[in-house]
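Trainee: The structure's right below; bear with me while I get my questions together.
The values are calculated or read from the model by the stated rules, or taken from the named source; none is laboratory data. All of these numbers come straight from a predicted model, not from anything done at the bench. Here Cβ is always computed from backbone atoms with ideal geometry, including for glycine, and neighbour counts include all displayed protein chains. With ligands, DNA and RNA removed, areas are computed over all heavy atoms of the protein, side chains included. Shrake-Rupley method; radii C 1.70, N 1.55, O 1.52, S 1.80 Å.
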Amino acid sequence: IGDPYGTGGGIATGATRLGRVVIELEHRGAGPHSEPSLHCPEVDALTQRAAASRTGDDELTASFVDAVGACAQRLRSAGVEPAAYDVASVVADREELRTVLGIDQWYTLGSYGTASRYLFEYVRTHPNRVGAAYADSPWFPEVDELTGGVLGTRAALHSLFAACKTDSECLASYPNLEQTWTAAQDRLAEAPLHGTHETSSGATIEVTVDAGK
């Protein structure tokens, strides 16, 4: 069993080689076929504005909070409780699927990206129901939801700076890579870059890139 987002082809070929049946499970509220869906058009409406805004725009932040609130109110008015879509509920769905299918143990469980939170919780709560598991680019349970991305980016940058110092070609081209990076951020903080981007629908939107972005 695996998460379906953008991975179906790879999973299918592996199943063919191993002679296994692959089951892809969309997480409740998140998949393109999920009904009801937790999709929030109220938040999507801010996409173009966010692209053009600088990091830390107070008005944009306030609009985002209002949009999330409006989305939650719309869902609850339709009888959909967002709190029923947490990790524990998704894990319960996975276990119920196993029971309905009459499977004693999953041969392999897989996840990609932040979906690993469901995998880790399932393995923790149902260890005897999993033969093997793998996680591609996992989001570990102890990582804070709000700051994890920032901390991960910083760690990756520090690894890059350290690696450059040990590579003769990189060191020759960028003898002070970390200082170069910091100087670039300082410039963007003072004078952000402005440009345009063509979306998949053909629309042209304004884009601002500052130090935070």
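Trainee: Of the numbered conditions (1) closer than 20 Å to Arg117 by Cβ; (2) open to solvent by 70 Å² or more (accessible area, probe 1.4 Å), Ser159 fails exactly one; give the number of that condition.
Mentor: (1)
Trainee: Is it the case that Leu75 is touching a Leu at 6+ places or on another chain (Cβ under 9 Å) and either closer than 20 Å to Glu26 by Cβ or among the small types (Gly, Ala, Ser) (or both)? Before the answer, list the steps.
Mentor: On the way: touching a Leu at 6+ places or on another chain (Cβ under 9 Å): yes; either closer than 20 Å to Glu26 by Cβ or among the small types (Gly, Ala, Ser) (or both): yes.
Judged against the criteria, Leu75 is a match.
Trainee: Any residue in region 164-190 that is within 29 Å of Val207 (Cβ to Cβ) and among the polar types (S, T, N, Q) sitting within a Cβ distance under 8 Å of a residue that is at pLDDT 95 or above and open to solvent by 100 Å² or more (accessible area, probe 1.4 Å)? List the pairs, counting only those 6 or more apart or interchain.
Mentor: Taking only residues 6 or more apart or on different chains, the pairs are Thr180/Tyr174.
Trainee: Among the residues of region 85-117, which ones are hydrophobic (A, V, I, L, M, F, W, C), open to solvent by 40 Å² or more (accessible area, probe 1.4 Å) and under 23 Å from the mean Cα position of the chain (by Cα)?
Mentor: Within region 85-117, Val87, Ala88, Ala92 qualify.
Trainee: For region 164-183, give me the residue count where each residue is within 30 Å of Pro138 (Cβ to Cβ) and open to solvent by less than 50 Å² (accessible area, probe 1.4 Å).
Mentor: Our first condition is that a residue be within 30 Å of Pro138 (Cβ to Cβ); within region 164-183, this holds for 164-167, 170, 177-178, 181-182.
In the following step, the residues that additionally are open to solvent by less than 50 Å² (accessible area, probe 1.4 Å) were identified as 164, 170, 177.
Adding up the residues that qualify gives 3.
Trainee: Can I ask one more? For Val65, state whether it is within 30 Å of Ala189 (Cβ to Cβ), at pLDDT 95 or above, within 22 Å of the chain's Cα centre (by Cα) and open to solvent by less than 70 Å² (accessible area, probe 1.4 Å). First the steps, then the outcome.
Mentor: Numbers: within 30 Å of Ala189 (Cβ to Cβ): yes; at pLDDT 95 or above: yes; within 22 Å of the chain's Cα centre (by Cα): yes; open to solvent by less than 70 Å² (accessible area, probe 1.4 Å): no.
The answer is no for Val65.
Trainee: Kindly provide the set of residues from region 132-153 that are surrounded by 11 or more Cβ atoms within 10 Å (Cβ to Cβ), more than 12 Å from the chain's Cα centre (by Cα) and in a helix (DSSP H, G or I), ordered by number.
Mentor: Of everything in region 132-153, those that are surrounded by 11 or more Cβ atoms within 10 Å (Cβ to Cβ), more than 12 Å from the chain's Cα centre (by Cα) and in a helix (DSSP H, G or I) turn out to be Val150, Leu151, Gly152.
Trainee: Kindly indicate whether any position in region 198-205 is surrounded by 11 or more Cβ atoms within 10 Å (Cβ to Cβ) and within 22 Å of the chain's Cα centre (by Cα).
Mentor: Taking region 198-205 as the starting set, the residues that turn out to be surrounded by 11 or more Cβ atoms within 10 Å (Cβ to Cβ) are 199, 205.
Narrowing further to those that are within 22 Å of the chain's Cα centre (by Cα): 199.
Yes: region 198-205 contains one or more residues that are surrounded by 11 or more Cβ atoms within 10 Å (Cβ to Cβ) and within 22 Å of the chain's Cα centre (by Cα).
Trainee: OK, next. Anything in region 118-131 that is hydroxyl-bearing (Ser, Thr, Tyr) and open to solvent by 50 Å² or more (accessible area, probe 1.4 Å)? List them, or say none.
Mentor: Listed by number, the list holds a single entry, Thr125.
Trainee: Assuming Arg20 fulfils every condition listed in (1) modelled with pLDDT under 95; (2) within 22 Å of the chain's Cα centre (by Cα); (3) of a type in the set (Lys, Arg) apart from one, which condition is it?
Mentor: Every listed condition holds for Arg20 apart from (2).
Trainee: I've got another one for you. Across region 187-197, what is the total count of residues that are loosely packed, with under 11 Cβ neighbours inside 10 Å and assigned to a helix (DSSP H, G or I)?
Mentor: 1
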